[in-house]
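Enquirer: First the structure, then my questions, so here it is.
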Amino acid sequence: MNESVSTLIVSKIMNGTVIDHIPAGKALDILNVLNIKGSEGLRIAVLMNVESKKLGRKDIIKIEQKKLTPTEVNVIALIAPTATINIIENFLVVSKYRVEIPEVIEGILRCTNPTCISNKGGEPIRSRFKVISREPLKIQCVYCGSFVDKDDIPKLIIRKS
Ligand code: CTP
Ligand code: ZN
């Protein structure tokens, strides 16, 4: 099969962000935790299960006119530790970096333990997890010691609307 037959062709974007090298199948989780629904009117391309030299298969998300906040990048790291963020200006990649799981994850995830002090209403206590290991990802609540299952992370993300 020649290249043009076997390759899924998707337009380059002019200005915005390309989240590349997402583990195959995780793109929708990422859109979800970024709270991107499509109704914002942004032009978005989502590619799933496309060929990758490094990962075998990967997902890619291209979002026009979008800049990610540092918190959003940390959230992406928790779901897609292999992801690279490409910042596009005038069709050129002006910046490219790997996401990185921070040492301490603060105010991003809810603790699974309902009696944890970080889940008590009233006085606001920011959730705080320590990263015990990155591969496989293992994180622990500093308040109650609960461990978080990697697969539960997408649904534990605290959404600020
Ligand atoms: N991209 C895009 N629009 C642009 C420029 C780049 O959508 N105007 C996308 C590319 O399709 C690719 C990603 O941004 O998915 C990174 O682009 P580039 O660095 O040119 O590709 P590679 O060299 O293959 O990246 P890497 O080495 O990180 O795999
Ligand atoms: Zn806790």
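Enquirer: Please find, among 115, 71, the residue that is within 23 Å of residue 35 (Cα to Cα), of a type in the set (Ser, Thr, Tyr) and more than 16 Å from ligand 1 (Cβ to nearest atom).
Expert: So the residue among 115, 71 that is within 23 Å of residue 35 (Cα to Cα), of a type in the set (Ser, Thr, Tyr) and more than 16 Å from ligand 1 (Cβ to nearest atom) is 71.
Enquirer: Could you please find all residues in the stretch 108-128 being of a type in the set (A, V, I, L, M, F, W, C) and more than 8 Å from ligand 2 (Cβ to nearest atom)?
Expert: Those that are of a type in the set (A, V, I, L, M, F, W, C) and more than 8 Å from ligand 2 (Cβ to nearest atom): 108, 109, 125.
Enquirer: Let me ask something else about it. One residue is enough: does the stretch 13-34 have a residue meeting the conditions of a type in the set (Ser, Thr, Tyr) and open to solvent by 40 Å² or more (accessible area, probe 1.4 Å)?
Expert: No, there is no match, as no residue in the stretch 13-34 is of a type in the set (Ser, Thr, Tyr) and open to solvent by 40 Å² or more (accessible area, probe 1.4 Å).
Enquirer: Now, a different point. Would you pick out the residues in the stretch 123-138 that are modelled with pLDDT under 95 and open to solvent by 100 Å² or more (accessible area, probe 1.4 Å)?
Expert: Once the filter is applied, which keeps residues that are modelled with pLDDT under 95 and open to solvent by 100 Å² or more (accessible area, probe 1.4 Å), the stretch 123-138 yields 123, 124, 126, 134, 135.
Enquirer: Exactly one of (1) within 13 Å of ligand 1 (Cβ to nearest atom); (2) over 24 Å from residue 153 (Cα atoms) is unmet by residue 41. Its number?
Expert: Unmet condition: (1).
Enquirer: Still on this model: Looking at 54, 62, 67, which is the one that is under 19 Å from the mean Cα position of the chain (by Cα), touching a residue at least 40 places away in the same chain (Cβ under 8 Å) and not in a strand (DSSP E or B)?
Expert: 67
Enquirer: Kindly provide the set of residues from the stretch 55-81 that are farther than 23 Å from residue 102 by Cβ and open to solvent by 60 Å² or more (accessible area, probe 1.4 Å), ordered by number.
Expert: Answer for the stretch 55-81, where residues must be farther than 23 Å from residue 102 by Cβ and open to solvent by 60 Å² or more (accessible area, probe 1.4 Å): 57, 65.
The values are calculated or read from the model by the stated rules, or taken from the named source; none is laboratory data. Here the structure is a predicted model, which means the values were calculated and not measured. All Cβ positions, even for glycine, are placed from backbone atoms using ideal geometry, and neighbour counts span all protein chains on display. In case anyone asks, the SASA skips ligands and DNA or RNA and just uses the protein heavy atoms, side chains included. Shrake-Rupley method; radii C 1.70, N 1.55, O 1.52, S 1.80 Å.
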